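One structure is given below, encoded as structure tokens.
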Amino acid sequence: EGLIVSFGEMLIDFVPTVSGVSLAEAPGFLKAPGGAPANVAIAVSRLGGKSAFVGKLGDDEFGHMLAGILKENNVRADGINFDKGARTALAFVTLRADGEREFMFYRNPSADMLLTPEDLNLELIRSAKVFHYGSISLIVEPCRSAHLKAMEVAKDAGCLLSYDPNLRLPLWPSPEEARKQILSIWDKADLIKVSDVELEFLTGSDKIDDASALSLWHPNLKLLLVTLGENGSRYYTKNFKGSVDAFHVNAVDTTGAGDSFVGALLGKIVDDQSILEDEAKLREVLKFANACGAITTTKKGAIPALPSEADVLSFIKNA
Ligand code: ADP
């Protein structure tokens, strides 16, 4: 069974102990491990697949705690570096009463930003079948160079490249810079997943339709996915396109739904790339991935809410 290597940031989210408050009003915070690439790696292993996380953590209590969480979840940790000088990144995150997520990041700089090309475990990256990444690691040097090198090494080794931009506007110098840099590596990816919000941001159009999605198509792309929260997901390939409905759930915290969806999808594709050419198979996989996303919204936090294969199968059966 093939290895999925997920590259990027892992950090601690501090989430308010009560919901629906602003960061300033929050009476206290609970620490929750986060970072989209790390969530994806754990999503894969929870479902029974093989994964590794590549990135840098602070050589501090939080960094070692995060590495421990990866190991407990059977994610390979031999691509992790620890920085002696910088701290593990922190993010304070709240879901305000108006439904908007508010982020406040502590990275000045944080350890993840200090990953260098020399830090990379190239052997691990070359042994992957799928190499997955976001865009936060593109924002500043030296991590940016490490990201570009890791992508190049993975591509040369014949890995399938999977990209989820995971837009976090507050981290970028400007929206224009975010759009430009996110799109600068666009045509290297074999698989791309965007959310509805990212689709609007990247295309500059307020329409979420086939035309706007297809404006993001590039000739070497094998699969483009647009996730639509409670409206499920849409897929585009060279030969077919369509949508798969979401499952109906009572969502309490949508954090990690997209990562759960991606982990599920990659876990299937890594062992059967014919999914990318067979619409019936792809629809079956997206149903499974939508179920994973839906389940993840029913519990607080991202990592604690990621399902096992058995959880997903029984959820689908009872739906
Ligand atoms: P992201 O976290 O990247 O914004 P989404 O929120 O669109 O991604 O979630 C990914 C997938 O998870 C969706 O395509 C959908 O299948 C499922 N999902 C997310 N939110 C809900 C919800 N409220 N109800 C049912 N399914 C959901």
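The values are calculated or read from the model by the stated rules, or taken from the named source; none is laboratory data. Keep in mind that what you see is a predicted model, and the values were worked out from it rather than measured. No Cβ is skipped: glycine too gets one built from the backbone with ideal geometry, and neighbour counts run over all protein chains shown.
Values computed for the structure shown
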| quantity | calculated |
| --- | --- |
| Residue under evaluation Ala211, criteria (1) away from the ligand (no atom under 16 Å from the Cβ); (2) part of a loop (DSSP other than H, G, I, E, B); (3) farther than 21 Å from Lys149 by Cα, criterion not met | (2) |
| Phe29 crowded, with 24+ Cβ neighbours inside 10 Å and either among the aromatic types (Phe, Trp, Tyr) or without any contact (Cβ under 8 Å) to a residue 12 or more places away in the chain (or both) | no |
| Answer residue from segment 45-92, given it is assigned to a strand (DSSP E or B), touching a Gly at 6+ places or on another chain (Cβ under 8 Å) and among the aliphatic types (A, V, I, L, M) and is nearest to Glu309 (Cα to Cα) among those | Ala52 |
| Pairs with Cβ under 8 Å, 6+ apart, first in segment 210-225 and farther than 16 Å from Leu286 by Cβ, second outside any loop (DSSP other than H, G, I, E, B) and polar (S, T, N, Q) | Ser212/Thr203; Ser215/Thr203; Leu216/Thr203 |
| Looking only at segment 258-306, and only at residues there that are near the ligand (Cβ under 8 Å from one of its atoms) and either touching a Cys at 6+ places or on another chain (Cβ under 7 Å) or of a type in the set (Asp, Glu) (or both), the one that is nearest to Pro37 (Cα to Cα) | Asp259 |
| Selection count, segment 228-257, where residues are more than 6 Å from the ligand (Cβ to nearest atom), aliphatic (A, V, I, L, M) and surrounded by fewer than 17 Cβ atoms within 10 Å (Cβ to Cβ) | 1 |
| 3 or more residues modelled with pLDDT under 95 and not basic (Lys, Arg): qualifying helices (runs of 4 or more DSSP H) within segment 226-319 | none |
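For every residue, the table says whether it meets (1) more than 30 Å from Asp272 (Cβ to Cβ); (2) without any contact (Cβ under 8 Å) to a residue 12 or more places away in the chain; (3) surrounded by 18 or more Cβ atoms within 10 Å (Cβ to Cβ).
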{"residue": "Arg76", "(1), (2), (3)": "no, no, yes"}
{"residue": "Glu100", "(1), (2), (3)": "yes, yes, no"}
{"residue": "Glu118", "(1), (2), (3)": "yes, yes, no"}
{"residue": "Val130", "(1), (2), (3)": "no, no, yes"}
{"residue": "Ile139", "(1), (2), (3)": "yes, no, yes"}
{"residue": "Met151", "(1), (2), (3)": "no, no, yes"}
